[in-house]
Every structure is written in C-alpha cells, then in structure tokens.
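Engineer: This structure is in structure tokens; I'll ask about it shortly.
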Amino acid sequence: MPNPAENDFAIAAASAEDIALLGAWAHEEGWNPGLTDGGVFFPTDPGGFLIGRLDGVPVTSVSVVRYGPGHGFLGFYLTRPHLRGQGYGLRTWQAGTARLADRNTGLDGVPAQQDNYRRSGFRTCWSNARYEGTPPPDIAPPPGTALVDARSVPFAQLAAYDRRFFPAPRDGFLAAWITAPRRTALAAVRDGELHGLAVVRECRAASRIGPLYAASPQVAAALVSTLAATVPDGPVAIDVPDLNPAAVRLAGELGLTPSFGTARMYTGPQPVIDRAGYYGITSLELG
C-alpha cells in the first residue's frame with residue numbers, strides 16, 4: 001500500500017471554487033446536495049473546508065466547521081474511489097478533527113463509516129432516515145396559523161427559534177440559508193409567535209426540505225405541502241430524525257418512503273434540543 005507521506009500529498013484549506021467540486025463528489029455518493037449550497041457553506045467558516053491534493057489533483061476532502069466557542073460539525077468526508085484504503089483519507093480526517101479539538105463535534109454518518117467514527121470517539125445519538133416522495137397538495141395549517149415568507153420575519157426571532165433545535169448560534173449560516181437562490185423559506189406564525197420554519201432547496205435529484213421545525217404535525221404537514229408546490233416537477237426529500245416519533249409517522253402519512261439513512265453522532269454529550277418540534281435536519285454537511 002502506498003505511503004501518503006512519501007508521495008506529493010498535501011492538505012490545505014479549500015477555496016470557494018473548490019466547494020463546487022465537493023458538491024459534485026457528494027452527488028456521486030448519492031447525498032444529493034443543494035444546487036446553491038456551496039455559496040452558503042463556505043462563508044460560514046472559510047477555513048473549515050479541507051482538500052487533500054495528490055500531485056496537485058484534489059482527491060480527498062472534509063469539512064470541519066466551527067460554531068460558537070464549543071461546537072463543531074464534520075461533513076464532506078470523501079476520498080476518490082480509486083484511492084480509498086491507501087491512507088489519504090485518514091490523513092485528511094486527522095487534519096480535520098485536529099481543527100475541532102476540544103469541541104463537541106457532530107456529524108451525520110453513513111452506515112459504512114459509522115464503525116470508523118466510533119473508533120474516533122463519536123457515539124450515535126439518533127438515526128436519520130431520508131424520506132422521499134410527493135406529499136398531498138393544499139394541506140392547510142391549523143386555524144389561526146399563517147405561512148409567510150421567512151424573510152419577512154424579524155431575523156432575531158428566526159435565530160432564536162433555530163437555537164431551540166441546534167446546539168450553537170449560527171446566525172450567519174441561517175441568514176444565508178434562507179436567502180440563497182433557488183430555494184424558498186416559510187415560517188409558520190400564530191399571534192406573532194413562530195410555530196414553524198422550513199426551507200426547500202433545489203437539488204440534482206429530489207428537492208430537499210431542511211430544516212423542518214414545527215409546533216405540531218399539522219404545522220409540519222402544511223409546511224411540507226406548501227413548499228413542495230413551489231419546486232419544479234419531482235419529489236421532495238426530508239432527513240427525518242427518529243428522536244421525534246411524530247416526525248417519522250408524519251413522513252409515512254404524507255406518502256413519503258425511506259431511501260437513505262445516516263446516524264447523528266457526537267464526540268461529547270448529546271445536545272439538549274426541542275425534540276418534539278424537530279421534524280427534519282438542515283443538512284448532512286453542516287448540521
């Protein structure tokens with residue numbers, strides 16, 4: 001087996017242009033990233049994306065994004081198929097995890113890698129299943145609840161709501177996530193209070209809905225139905241956490257079927273979040 005230390009292999013921070021390449025690699029793995037996700041991901045932590053190059057050619061990647069003083073999220077852990085098992089991915093992993101040392105770090109791991117992640121100190125906290133399909137149209141929210149453009153809601157209110165479901169402040173990411181091109185963000189509002197938030201974004205395959213937060217299954221169903229009507233012809237997909245049984249039941253009731261699974265894993269304690277309102281994760285790459 002080649003020794004990467006003896007080859008011209010170097011790991012460095014990715015450029016903004018490299019993020020498009022990572023999206024293409026992720027698509028090849030069946031992860032179905034959003035078409036405009038890169039423009040949101042990179043500014044969130046410009047030093048948080050690493051590329052390994054062999055003889056100048058990109059061959060490995062990992063994202064290791066820092067949130068606040070104590071949280072991190074790892075994603076985009078990839079090695080080009082013809083070079084797997086030769087140590088290049090491991091060196092990239094080690095460089096990435098060093099950047100998140102002393103942080104409670106999360107990731108959404110595919111089944112084939114979960115044992116490796118456990119050996120690196122991650123433990124499974126819950127499972128996600130990607131549900132895909134076409135939900136019924138015209139599902140109305142509960143009486144007194146209105147679905148509005150999320151951009152019309154005071155941002156401080158949106159950011160505070162997001163903090164109920166994510167273990168660290170991520171205001172910059174959230175602001176970009178709801179305003180990026182080729183997506184729609186809706187908030188569910190009742191008596192001036194937020195009862196839900198969801199974003200749909202166009203992808204190479206099924207359009208993805210995430211996050212999906214809601215005060216009740218009825219609110220979640222209305223958000224999914226309304227957002228699905230805004231995307232081009234085709235199904236939608238939601239990564240549903242099994243720590244909210246109501247979310248799993250709702251996915252089935254909407255006619256969606258599971259197609260892909262991951263496990264949310266952390267190096268430290270499982271964060272305390274609003275489980276009952278958590279119907280869909282935001283992204284596999286940045287949490």
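The values are calculated or read from the model by the stated rules, or taken from the named source; none is laboratory data. In this text the structure is predicted, and so the values were computed from the model without any measurement. Please note: Cβ atoms are built from the backbone with ideal geometry, for glycine as well, and neighbour counts cover all protein chains shown. What goes into the accessible areas is simple: the full protein's heavy atoms, side chains included, and nothing from ligands, DNA or RNA. Shrake-Rupley method; radii C 1.70, N 1.55, O 1.52, S 1.80 Å.
Engineer: Listed highest first by mean packing, meaning other Cβ atoms within 10 Å per residue, what order do 80-92, 240-252, 61-73 come in?
Structural biologist: Packing proxy ranking, top to bottom: 61-73, 240-252, 80-92.
Engineer: Another question, then. Taking the Cβ-Cβ separation of THR230 and ARG119 as r and a Förster radius of 45 Å, what is the calculated FRET efficiency to the nearest 0.05?
Structural biologist: The calculated FRET efficiency here is 0.60.
Engineer: Under the rule of at least 5 residues apart or a separate chain, name every residue whose amide H is placed under 5 Å from the amide H of LEU194.
Structural biologist: none
Engineer: For the chain, with all protein chains present and a 1.4 Å probe, just round the carbon and sulfur fraction of the accessible area to a whole percent.
Structural biologist: Numbers: 6240 of 11670 Å².
Of the solvent-accessible surface of the chain, carbon and sulfur hold 53 percent.
Engineer: Zone of ALA205 (label point 7 Å along Cα→Cβ, backbone N under 12 Å): which residues in the range 28-52?
Structural biologist: Of the residues in the range 28-52, 28-33 have backbone N under 12 Å from the label point off ALA205.
Engineer: With N denoting the number of residues in the range 122-212, provide Rg(C-alpha) divided by 2.2 N^0.38 Å, to two decimal places.
Structural biologist: Scaled against compact globular proteins, the figure is 1.18.
Engineer: Can I ask one more? Which FRET efficiency value, to the nearest 0.05, do you get for ASP171 and SER15 by plugging their Cβ-Cβ distance into 1/(1 + (r/R0)^6) with R0 = 22 Å?
Structural biologist: Given R0 = 22 Å and the Cβ-Cβ separation, E is 0.35.
Engineer: Leaving out ligands and nucleic acids, note down the accessible area per residue over the chain with a 1.4 angstrom probe, in whole Å².
Structural biologist: I get 41 Å² per residue for the chain.
Engineer: Continuing with this model, one more query. Which FRET efficiency value, to the nearest 0.05, do you get for ARG164 and ARG84 by plugging their Cβ-Cβ distance into 1/(1 + (r/R0)^6) with R0 = 30 Å?
Structural biologist: Result of the calculation: an efficiency of 0.20.
Engineer: Quick one: dipole size for the range 1-84, taken about the Cα centre, charges +1 on Lys/Arg Cβ and -1 on Asp/Glu Cβ, in debye to the nearest 20. Could the numbers behind the result be given before it?
Structural biologist: Values: 4 positive and 9 negative charges, 37 e Å.
Here the size comes out at about 180 debye.
Engineer: With just the Cα atoms defining each centre, how far is the range 239-287 from the range 174-192? Give it in Å.
Structural biologist: 19 Å
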